Amino acid sequence: MSKFLIALLGLVVSGCISLPVLRHAQPDLPSSWPAATAPGERVPGLVRWWTLYDDPNLVKLVDEALVHNGDLLAAAARIEEARAALNQSDADLQPYAQIGANTGRSRITGVGSPAMPTGNDFKLNAQASYELDLWGRYRQASAAARADLLASEYAREVVRTSLAGTVALGYFQIAALDASLQLTQETLANRKVAVELYRARFNAGLDSELPWRQAEAELAAVESTQADLERQVRQQENALALLLGRAPRAGMQDRLAHGKGLDVLTLPPAIPDGLPAEMLTRRPDIRQAGQRLAGAEARVMETRAAIYPTLSLTANLGSESRALANLFSGPAAIWGLGTSLVQTVYNAGRTEAALKGDATRQEQALLAYEQTLRIAFKEVLDALVAVRQTRVAEAAEVRRAEALTRAVELADLRYRSGVSNYLEVLDAQRMLYQSEQNRIEDRRARLAAAATLFKALGGGWLPQPETSPPGGHGST
């Protein structure tokens, strides 16, 4: 009968407050990603995708960053903070007990009172209370705290994923700068030979001063390029040392070790045909947004439960005496049992306002989840386009460099035969140098596009499941 009255009272009170209607996430994804390789190609599931480049130095640097990076350590600290908040929420589901001792001396009125109005009072008491979670208020609070903990764990994975990708991109940039620097040094050596050659031709009266000075100008231009490349290499090393979490002293004293050359780095396998698009939901940022949404929904239910009455049980056991010597005697024993039922009747709309606020935060979390999903989908599509097109661009630039190599030979032959001037040779050399620089950049972009795709897919892709033979049975 009492439970019926409690439920009836709760329903009557809740009828005075309008309850929000929540929207829930319904991802609308295509069945699969567009193919980036030949149909039927299969690759293993990827986790530590940076190992596929087959460069031990890259693996070492990424692993170092995943241990010492400051942002990652801060994310780990936030996880511990969320875990402590969860423990606090879980504690509300348990009984509360305390023990206390009191002593005092007081005087009561002497009119009509015993002969000794002044006396001592000693009390030792243990109390326990427990609020029945009839409407799931504390369970929802615990669920919200657990969602916050999971969201913080996924936030750390977001940092890990981004960090690994950023380190790899920085490493590829250094490799590209090394390749450009080597090309520039080789070009510089050739320009020095040309300067000496045309100076000798001028001194011998075989040529005018113009080719000599033009060769000197080209030499100075290449020297300027070399200095700029060396600056970029050093600055990129500093940026990478920061990502690795290295101390300032170590960053100044120990330069980063450079690994394999740009052309030696292994290109990872392309994405297989028919990869399901639903795997996008395993990205840590999407899971983080999903847990934030779950936490927001739990808080709506927590606030909603506050509408209904609370039922608490209390008990106490102890002893009380006017003399300390009698405190533990049988007659001094005291005890009590009780129950309380509390229902808020009027609080000037505080509960309804809090419920509306939680509902709007749930809507914001839902919109954030949907936007995160859209951004993730765009990033994967952009990465797929980059993987395909950088492969085409690199192949085209290789053909261009081969053609320009032959063009330089022909221009030099024409100049030595007196058919054309030296400007034609310089133009051909500049075009070849720029083409080689473009080829280096295309190679870097191709390596980076693969890393970006791994990051966009949340770390890689899973293998396609094997199909069971007709009439076969799956494992149980």
Verdict on Q253 being more than 29 Å from the chain's Cα centre (by Cα), closer than 29 Å to L72 by Cα and at pLDDT below 90: yes
Taking only segment 294-333 into account, find how many residues are outside any loop (DSSP other than H, G, I, E, B), surrounded by 14 or more Cβ atoms within 10 Å (Cβ to Cβ), touching a residue at least 60 places away in the same chain (Cβ under 8 Å) and touching a strand residue (DSSP E or B) at 6+ places or on another chain (Cβ under 6 Å). 12
Within segment 348-363, is there a residue that is without any contact (Cβ under 8 Å) to a residue 40 or more places away in the chain, hydroxyl-bearing (S, T, Y) and assigned to a helix (DSSP H, G or I)? yes
Determine whether segment 8-29 contains at least one residue that is surrounded by 11 or more Cβ atoms within 10 Å (Cβ to Cβ), part of a loop (DSSP other than H, G, I, E, B) and at pLDDT 85 or above. no
Here are some conditions: (1) in a helix (DSSP H, G or I); (2) touching a residue at least 60 places away in the same chain (Cβ under 8 Å); (3) surrounded by fewer than 20 Cβ atoms within 10 Å (Cβ to Cβ). Q140 meets all but one. Which one does it not meet? (3)
Looking at segment 149-158, is at least one residue of a type in the set (D, E), modelled with pLDDT of 80 or more and under 31 Å from the mean Cα position of the chain (by Cα)? yes
Considering only residues of segment 417-476 that are on the phi > 0 side of the Ramachandran plot and either in a helix (DSSP H, G or I) or in contact with a Leu (Cβ under 8 Å, 6 or more places away or on another chain) (or both), which is modelled with the lowest pLDDT? G460
Here the qualifying pairs (Cβ atoms under 8 Å; residues six or more apart or on different chains; first in segment 187-205 and under 12 Å from L426 (Cβ atoms); second among the hydroxyl-bearing types (S, T, Y) and at pLDDT below 90) come out as Y198/Y422
Please go through segment 202-261 and pick out each residue that is out of contact with any Lys or Arg (no Cβ under 9 Å at 6 or more places or on another chain), basic (K, R) and not in a loop (DSSP other than H, G, I, E, B). R213, R231, R249
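The values are calculated or read from the model by the stated rules, or taken from the named source; none is laboratory data. All figures in this text were calculated on a predicted structure; none of them were measured in a lab. Virtual Cβ from ideal backbone geometry, glycine too; neighbours counted across all protein chains shown.
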